[in-house]
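One structure below.
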Amino acid sequence: MTNLKFDCDYAFRVTRELAKEPRFTGTPGEERARTFLAEELRRINLEYSLESFSVKTYKILREELIVEKPYEEEIPCSGIGFSGSTGEDGASGELVYVETVDRALLPEGRGWVGLASSRPEKEDWRFLARKALGLVIAESSPHRDLSTIDVPHEWLEKYGELPAVYVKYGDAYKLLKAERVRLTLIQNYCEVTSYNIVTEISGSKYPDEVIVVTAHYDSERNSPGAVDNAGGTALALGLAKAMSKRKPKRTLRFVFTGAEELGLRGSLAYISSHKDELERIKVVINLDVHGQAIGTNHAIVTGNPKIVAWIEVLAKTLGMKVKVREDVMSSDGTPFAREGIPVINFYRGGGPTVDMHSKLDDLRFVHPQAYRVIGNFALKVLLELADAEEFPLPREVSKDMKKKIEEYFEKRGFG
């Protein structure tokens with residue numbers, strides 16, 4: 001059993017299949033991904049269940065930014081979901097550079113359009129919603145394509161509309177010369193049904209002790225989501241395939257979540273509907289951002305220092321470089337950690353991660369090589385935890401980490 005190997009070619013094929021199209025919540029692409037994953041689970045002889053939950057989503061109908069003064073020019077832009085709508089005539093006003101919503105840069109009056117160097121945090125967003133007609137946000141790098149993202153729907157419901165778009169870094173630079181712009185953003189909101197896909201391998205000796213492996217299979221609007229997170233979904237499915245013909249001592253539960261990009265909605269829904277089972281979960285292994293050929297492997301532990309030390313020792317024993325730190329990761333493990341369940345988040349950094357949440361998060365740089373270290377390391381972690389006679393990790397989240405988790409949800413304003 002200790003010689004079990006991770007099938008890197010299989011994970012690559014799964015990544016390639018999932019990333020053929022965007023998988024935004026409530027779209028046919030998400031449904032086709034769900035069907036594909038269900039068929040793969042059947043192929044490896046694992047029964048599964050679909051757990052439905054309702055989630056709010058949006059559809060961008062029109063996104064347009066036009067410089068009106070001192071020259072006329074249309075600037076390519078990408079609307080931000082749940083930021084609000086302007087109406088068909090758009091919002092016309094003075095363009096004011098606000099940087100990171102520095103109060104010293106803001107005019108006294110209302111009715112202007114802001115130009116920001118990054119997306120504002122929740123409190124600054126609330127402030128701008130009371131003063132600005134709209135917001136234009138610069139991409140973080142001259143090399144990044146337009147983001148296709150959203151803010152939590154709670155911001156719109158609590159603070160009102162602040163129609164916002166992204167523009168490329170170079171176009172934001174040109175906009176420093178603009179005096180007046182017209183921003184038009186039209187979007188519709190609706191509630192749809194999404195699904196978590198759950199499969200389980202029962203433990204032979206300690207069936208009531210559960211190890212959960214999670215990965216989200218959705219993507220952002222218009223993004224193929226190859227790295228985020230077709231690659232992580234493929235890694236989780238590869239682990240399920242490797243373990244499917246074995247009898248681990250502890251129960252392994254694989255949860256493929258939907259609607260992560262809309263605010264961790266799948267994992268939040270899972271926790272809400274499984275409250276009576278959470279005490280049985282010893283640890284969560286969350287897999288988010290994987291598949292790029294050239295990169296580095298990381299583990300973010302949302303738990304306690306003893307888990308960090310255990311992972312570091314195991315990696316050195318195997319001769320594998322995995323950078324480990326304690327922190328909160330904005331991914332599906334965090335709602336579990338808030339319930340006191342420690343989480344090990346594995347992700348792969350470098351290269352295509354700069355293109356996440358854009359149409360360029362595609363298959364150009366995905367390769368089986370990406371899974372040689374992290375796939376086999378994650379499998380080794382799973383084997384060690386599943387078959388230890390006494391579970392080696394403390395089921396606890398440190399006091400300092402609990403504080404960070406609460407700050408995470410408060411800062412983002414959802415969940």
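The values are calculated or read from the model by the stated rules, or taken from the named source; none is laboratory data. Everything numeric in this text was worked out from a predicted model, so none of it was measured. Heads up, the Cβs are rebuilt from the backbone with ideal geometry, glycines too, and the neighbour counts pull from every protein chain shown.
A few notes on this one:
- Residues satisfying the stated conditions in segment 77-96, i.e. in a strand (DSSP E or B) and either within 30 Å of Ala269 (Cα to Cα) or in contact with a helix residue (DSSP H, G or I) (Cβ under 9 Å, 6 or more places away or on another chain) (or both): Ser78, Gly79, Gly81, Leu95, Val96
- Flag if Asn45 is outside the structural domain of Leu156 (by TED's automatic domain parsing), more than 30 Å from Lys158 (Cβ to Cβ), without any contact (Cβ under 8 Å) to a residue 12 or more places away in the chain and not in a helix (DSSP H, G or I): no
- Single residue of Leu115, Leu105, Leu50, Leu65 found to be of a type in the set (A, V, I, L, M, F, W, C), at pLDDT 95 or above, farther than 22 Å from Lys131 by Cβ and touching a strand residue (DSSP E or B) at 6+ places or on another chain (Cβ under 6 Å): Leu50
- Any hit, segment 347-369, residues being closer than 18 Å to Ala236 by Cα, of a type in the set (Gly, Ala, Ser) and buried (at least 23 other Cβ atoms within 10 Å of the Cβ): no
- Of Val198, Val181, all but one fail to be part of a strand (DSSP E or B), within 21 Å of the chain's Cα centre (by Cα) and more than 17 Å from Leu61 (Cα to Cα); the exception is Val198.
- Within the set Glu88, Glu39, the sole residue that is more than 25 Å from Tyr159 (Cα to Cα) and surrounded by fewer than 16 Cβ atoms within 10 Å (Cβ to Cβ) turns out to be Glu39.
- Exclusive hit being within 24 Å of Ala240 (Cα to Cα) and at pLDDT 95 or above, set Asn286, Asn304: Asn286
- Identity of the residue in segment 235-282, buried (at least 23 other Cβ atoms within 10 Å of the Cβ) and β-branched (Val, Ile, Thr), that ends up farthest from Glu191 (Cα to Cα): Val255
- Restricting attention to segment 297-346 and to residues that are within 27 Å of Gly415 (Cα to Cα) and small (Gly, Ala, Ser), the residue that is surrounded by the fewest Cβ atoms within 10 Å (Cβ to Cβ) turns out to be Ser330.
- Sole exception among (1) touching a strand residue (DSSP E or B) at 6+ places or on another chain (Cβ under 9 Å); (2) at pLDDT 95 or above for Gly351, by number: (2)
- Selection status of Glu154, charged (D, E, K, R), part of a loop (DSSP other than H, G, I, E, B), farther than 20 Å from Lys359 by Cα and out of contact with any strand residue (DSSP E or B) (no Cβ under 7 Å at 6 or more places or on another chain): no
- Residue pairs meeting the criteria (Cβ under 9 Å; at least 6 apart or on separate chains; first part of a helix (DSSP H, G or I), in segment 348-366; second among the hydroxyl-bearing types (Ser, Thr, Tyr)): Thr353/Tyr347; Val354/Ser140; Val354/Ser141; Asp355/Ser223
- Residue within segment 26-36 that is outside the structural domain of Lys168 (by TED's automatic domain parsing), more than 24 Å from Asp150 (Cβ to Cβ), surrounded by fewer than 17 Cβ atoms within 10 Å (Cβ to Cβ) and of a type in the set (S, T, N, Q) present: yes
- Any hit, segment 279-286, residues being free of Cβ contacts under 8 Å to residues at least 24 places away in the same chain and charged (D, E, K, R): yes
- Residues of segment 111-135 satisfying the condition of being under 23 Å from Phe409 (Cβ atoms) and either crowded, with 21+ Cβ neighbours inside 10 Å or touching a residue at least 12 places away in the same chain (Cβ under 8 Å) (or both): Ser118, Arg119, Pro120, Glu121, Lys122, Asp124, Trp125, Arg126, Phe127, Leu128, Ala129
- Boolean, Tyr195 is touching a residue at least 24 places away in the same chain (Cβ under 8 Å) and farther than 30 Å from Pro28 by Cβ: no
- Only one entry in Glu74, Glu64 is without any contact (Cβ under 8 Å) to a residue 60 or more places away in the chain and in a strand (DSSP E or B), namely Glu74.
- Lys168 being in contact with a Phe, Trp or Tyr (Cβ under 9 Å, 6 or more places away or on another chain) and either surrounded by fewer than 23 Cβ atoms within 10 Å (Cβ to Cβ) or among the polar types (S, T, N, Q) (or both): no
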